[in-house]
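Comments concern the structure below.
The values are calculated or read from the model by the stated rules, or taken from the named source; none is laboratory data. These numbers were taken from a predicted model, which means no experiment stands behind them. Positions of Cβ are generated from backbone atoms using ideal geometry, with glycine treated the same way; all protein chains shown enter the neighbour counts. Protein only, heavy atoms only, side chains kept; ligands, DNA and RNA dropped before computing areas. Shrake-Rupley method; radii C 1.70, N 1.55, O 1.52, S 1.80 Å.
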Amino acid sequence: MKEANGGRGRNRRVRRKGRPGKRTAKAEQPRPRRRPTRRRSRAILVKAMAHPLRRRLLREISEEAAPLSPAQLAKTFDLPLGVVAYHATVLQRCGAVEAAAAEDG
């Protein structure tokens, strides 16, 4: 059964103006990441430190002499490991903490 509106029902895909469809899109090269300037890196750090859990993590890391893993921090704060690992990664990306070498054994 054909629709009265020429097959333009709710399941029809609509393309936005100015955006090519899959067939006409060229294979784009991934853009290289820009190195953040000093001003931009400060802004990234300030934004990262806006979260209260990240401030607590950084305080705990700075008070300990030995490096702490996300699992140890999760146990300390009684939080899920995934949450702590995510926030530790954000701190690492902005340069607030460094990843410690993995221990063998």
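Give the residue, chosen from R33, R55, R93, that is open to solvent by 90 Å² or more (accessible area, probe 1.4 Å) and over 15 Å from the mean Cα position of the chain (by Cα). Before the answer, list the steps.
Working: R33 fails: over 15 Å from the mean Cα position of the chain (by Cα); R93 fails: over 15 Å from the mean Cα position of the chain (by Cα).
Criteria check complete, one pass: R55.
Go through the stretch 68-105 and give me each residue that's farther than 16 Å from M49 by Cβ, assigned to a helix (DSSP H, G or I) and either in contact (Cβ under 8 Å) with a residue 40 or more places away in the chain or of a type in the set (G, A, S) (or both). Those that are farther than 16 Å from M49 by Cβ, assigned to a helix (DSSP H, G or I) and either in contact (Cβ under 8 Å) with a residue 40 or more places away in the chain or of a type in the set (G, A, S) (or both): A71, A74, G82, A85. Listed conditions (1) modelled with pLDDT of 90 or more; (2) small (G, A, S); (3) in a loop (DSSP other than H, G, I, E, B) are all met by G18, apart from (1).
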